[in-house]
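The values are calculated or read from the model by the stated rules, or taken from the named source; none is laboratory data. Quick caveat: nothing in here was measured; it's all calculated off a predicted structure. Glycine also receives a Cβ, built like all others from the backbone with ideal geometry; neighbour counts cover every protein chain displayed.
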Amino acid sequence: MRRIAFFLCSFVPGVFAEEWPQFRGVNSTGLSNEANLPLEFGPGKNMAWETRLPLGHSSPVFSKTQIFLTGFDEKSLYIISLDRKFGKEQWRRALPRKPQAEYHKQNSAASPSAVTDGTNVYAFFTEFGLVSYDAAGNERWRLPLGPFNNPFGMGASPVLSGDTLLLLCDAESGSFFLGLNKDTGKQKWRRERPDVARGFATPVLSGTKEVLVAGSYQLVSYSVATGEPIWWVGGLTWQLKPTPVIGDGVVYVLGWAGNSDTGQQEEVPPFADALAKWDTNKDGKLSQAEITDPRLTKEWTAMDLDRTGFMEDRDWRMYQTRRQAVNSVSAIKLGGKGDMTQSNVLWRYYKSLPNVPSPVLHNGILYLVKESGILTALDAKTGAVLKQGRLTGAPGDYYASPVIAGDKLYAISHEGKVAVVQTGADWQVLRINTMNEAVNATPAFVDGRIFLRTHEHLYCFAKESK
């Protein structure tokens, strides 16, 4: 694990070794070499400290001396700095909210995790945009963004590659990918993404020069320096929530979206045929009143992506593609130029797919955790199922992503049940811990401790208080 951590840090510029600087740690792998962690923990059990926080679903990230989190209340958005050792709040900065944003019931105004370069912190909010503070809480720069046409709210976290801050903003319309100078907030490049709809996956780095973005229908590798697309692979589903993971020259991309399981696909006729059938006033677009097919009118809000009140050419083309999309987890070989769909896809797996939690890759096994606490272990080389079963004692919904510390996997249900699992082809549940509070945030592991955020607290667990 130490060799793995060194390798990951070596190709992610600006990341300090053995840290947790962003969502799911170094390059969102969800891996930590911490091994001396308590098996039993919870409020009052092996608890080093707890700190009350404002509401939020973002995960804690760690600079050399600080913990950074985000939160919100009815009027404000917050960036919060805590002392890394004792959890004491050092400073809190407030930003005004824009009340026009929409959210899924399990999303929030503070869902994307912050990212740190080891000293400074960078945070993104659906209702504000980007902001950066130094270690003392002094604002370095801000970049207002939005509003975003995403009925579920935004979810992708910002990431760093050297001096470039990367942010993905996928929505029903107006999607873009942004590269900024991390020290000034000035735009280096902006890549429009007109052929994607809403998405929530955080970008991951492939070496120092490429960044991978999993979005509607495609995985795209962009140049970190210019934002130009380098290569891409199709065949993804229409709405991407989980963040991909990389290992041994392969990226694993998981995507599940409604009505796109195998066998649910259908052929949708060309827009010209729809116009010929329903466009009674011959204006080249369709109103809801003109369409007589109840299946289409029932899905009107999901079809009228730009919310003009009409079905237009892009709306229809996106609906056609959506009805052909197939949910899967895909193993994709890295590298190439242009369309690599035919050559780079190594395997796809179509069953028991999670909705939100990202996969985690460890010792040649890809782990998936889905609703009802179903854990699947796949052979990373072939996609074959090694073991699938329930995390007995931890049913319910899952929004936090599984993570691995040492040789233990941690999976946390929305209801606050934490399954500690011995990893391996014949994985075994070792312990179910109870937090007594809802959890959407993915935990972190540093300093021989477990850092777990519930909706209103950050808990620190260790075998003994330090």
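If you take the residues of the range 308-350 that are without any contact (Cβ under 8 Å) to a residue 40 or more places away in the chain and under 24 Å from the mean Cα position of the chain (by Cα), which of them is surrounded by the fewest Cβ atoms within 10 Å (Cβ to Cβ)?
Here is the first cut: in the range 308-350, the residues without any contact (Cβ under 8 Å) to a residue 40 or more places away in the chain are 308-312, 315, 342-343, 347, 349.
Filter again for under 24 Å from the mean Cα position of the chain (by Cα), leaving 347, 349.
Working: W347: 18, Y349: 22.
Filtering the range 308-350 for residues that are without any contact (Cβ under 8 Å) to a residue 40 or more places away in the chain and under 24 Å from the mean Cα position of the chain (by Cα), the one surrounded by the fewest Cβ atoms within 10 Å (Cβ to Cβ) comes out as W347.
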Among residues belonging to the range 415-428 that are without any contact (Cβ under 8 Å) to a residue 40 or more places away in the chain and under 20 Å from N33 (Cα atoms), point out the one that is surrounded by the fewest Cβ atoms within 10 Å (Cβ to Cβ).
Q428
Output the residues belonging to the range 85-116 that are part of a loop (DSSP other than H, G, I, E, B), modelled with pLDDT of 95 or more and surrounded by 15 or more Cβ atoms within 10 Å (Cβ to Cβ).
G87, S111, P112, S113, A114
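Could you check the range 180-201 and list, in sequence order, the residues that are in a strand (DSSP E or B) and either among the hydroxyl-bearing types (S, T, Y) or buried (at least 22 other Cβ atoms within 10 Å of the Cβ) (or both)? Explain how you work it out, then say what you get.
Initial filter on the range 180-201 (in a strand (DSSP E or B)): 180-181, 187-192.
Selection gives L180 alone.
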Provide a single number: the residues in the range 311-338 that are within 14 Å of L236 (Cα to Cα), outside any loop (DSSP other than H, G, I, E, B) and of a type in the set (K, R).
1
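Conditions tested, residue by residue: (1) among the β-branched types (V, I, T); (2) surrounded by fewer than 16 Cβ atoms within 10 Å (Cβ to Cβ); (3) touching a residue at least 60 places away in the same chain (Cβ under 8 Å); (4) closer than 29 Å to S221 by Cα.
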{"residue": "G263", "(1), (2), (3), (4)": "no, yes, no, no"}
{"residue": "N281", "(1), (2), (3), (4)": "no, yes, no, no"}
{"residue": "K285", "(1), (2), (3), (4)": "no, no, no, no"}
{"residue": "E299", "(1), (2), (3), (4)": "no, yes, no, no"}
{"residue": "A302", "(1), (2), (3), (4)": "no, no, no, yes"}
I need a count of the residues in the range 202-227 that are touching a residue at least 60 places away in the same chain (Cβ under 8 Å), assigned to a loop (DSSP other than H, G, I, E, B) and within 13 Å of V159 (Cα to Cα).
3
Can you tell me which residue in the range 339-368 is nearest to T202 (Cα to Cα), limited to those that are in contact with a Pro (Cβ under 9 Å, 6 or more places away or on another chain) and part of a strand (DSSP E or B)?
V360
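Which of the residues belonging to the range 267-279 are crowded, with 18+ Cβ neighbours inside 10 Å and of a type in the set (D, E, K, R)? Steps first, please.
Step one: filter the range 267-279 for residues crowded, with 18+ Cβ neighbours inside 10 Å, giving 271, 274-275, 279.
Within the range 267-279, just D279 meets the criteria.
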Which of the residues that make up the range 90-116 are of a type in the set (V, I, T) and in contact with a Leu (Cβ under 6 Å, 6 or more places away or on another chain)?
V115
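Tell me, yes or no, whether the range 229-237 has at least one residue that is more than 15 Å from N344 (Cβ to Cβ), touching a strand residue (DSSP E or B) at 6+ places or on another chain (Cβ under 8 Å), surrounded by fewer than 19 Cβ atoms within 10 Å (Cβ to Cβ) and at pLDDT 95 or above. Explain how you work it out, then say what you get.
We begin by selecting, within the range 229-237, every residue more than 15 Å from N344 (Cβ to Cβ); these are 237.
Narrowing further to those that are touching a strand residue (DSSP E or B) at 6+ places or on another chain (Cβ under 8 Å): 237.
Next, from what is left, pick out any that are surrounded by fewer than 19 Cβ atoms within 10 Å (Cβ to Cβ): none.
Within the range 229-237, none of the residues are more than 15 Å from N344 (Cβ to Cβ), touching a strand residue (DSSP E or B) at 6+ places or on another chain (Cβ under 8 Å), surrounded by fewer than 19 Cβ atoms within 10 Å (Cβ to Cβ) and at pLDDT 95 or above.
Across the range 117-136, what is the number of residues that are assigned to a loop (DSSP other than H, G, I, E, B) and either more than 17 Å from F72 (Cα to Cα) or in contact with a Leu (Cβ under 7 Å, 6 or more places away or on another chain) (or both)? Steps first, answer last, please.
Residues of the range 117-136 assigned to a loop (DSSP other than H, G, I, E, B): 117-120, 126-128, 134-136.
Cutting the leftovers down to either more than 17 Å from F72 (Cα to Cα) or in contact with a Leu (Cβ under 7 Å, 6 or more places away or on another chain) (or both) gives us 117-120, 127-128, 134-136.
So the answer is 9.
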Out of the residues in the range 315-342 that are touching a strand residue (DSSP E or B) at 6+ places or on another chain (Cβ under 8 Å) and polar (S, T, N, Q), which is nearest to S173 (Cα to Cα)?
N327
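Could you tell me whether the range 444-460 includes any residue that is assigned to a loop (DSSP other than H, G, I, E, B), in the same structural domain as N36 (by TED's automatic domain parsing), free of Cβ contacts under 8 Å to residues at least 40 places away in the same chain and touching an Asp or Glu at 6+ places or on another chain (Cβ under 9 Å)? Give the derivation first.
If we filter the range 444-460 for residues that are assigned to a loop (DSSP other than H, G, I, E, B), which is where we start, we get 447-448, 454-456.
Pick out the ones that are also in the same structural domain as N36 (by TED's automatic domain parsing) and you get 447-448, 454-456.
Within this subset, residues satisfying the condition of being free of Cβ contacts under 8 Å to residues at least 40 places away in the same chain are 454.
Still in the running and touching an Asp or Glu at 6+ places or on another chain (Cβ under 9 Å): 454.
Within the range 444-460 (the criterion being assigned to a loop (DSSP other than H, G, I, E, B), in the same structural domain as N36 (by TED's automatic domain parsing), free of Cβ contacts under 8 Å to residues at least 40 places away in the same chain and touching an Asp or Glu at 6+ places or on another chain (Cβ under 9 Å)), the answer is yes, since at least one residue qualifies.
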Just wondering, is there one or more residues in the range 152-174 that are of a type in the set (D, E), within 30 Å of Q264 (Cβ to Cβ), surrounded by fewer than 20 Cβ atoms within 10 Å (Cβ to Cβ) and in the same structural domain as N120 (by TED's automatic domain parsing)?
no
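Looking at I412, I374, which one is crowded, with 24+ Cβ neighbours inside 10 Å and farther than 27 Å from W231 by Cβ?
Details: I374 fails: crowded, with 24+ Cβ neighbours inside 10 Å.
Among I412, I374, only I412 is crowded, with 24+ Cβ neighbours inside 10 Å and farther than 27 Å from W231 by Cβ.
Please determine, by comparing only the residues of the range 433-449 that are within 20 Å of L55 (Cα to Cα) and not small (G, A, S), which one is nearest to the chain's Cα centre (by Cα). Write out each step before concluding.
Start the filter on the range 433-449 by keeping residues that are within 20 Å of L55 (Cα to Cα), which leaves 434-444.
Then keep just the ones that are not small (G, A, S); that gives 434-437, 439-440, 442-443.
Working: T434: 24, M435: 23, N436: 25, E437: 22, V439: 16, N440: 12, T442: 10, P443: 14 Å.
Ranking the qualifying residues of the range 433-449, first place goes to T442.
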Within the range 149-194, residues among the acidic types (D, E) and touching a residue at least 24 places away in the same chain (Cβ under 8 Å) come out as D163, D170, E172, D183
In the range 252-310, the residues that are aliphatic (A, V, I, L, M), at pLDDT 95 or above and not in a loop (DSSP other than H, G, I, E, B)
V253, L254, A272, A274, L275, A276, L286
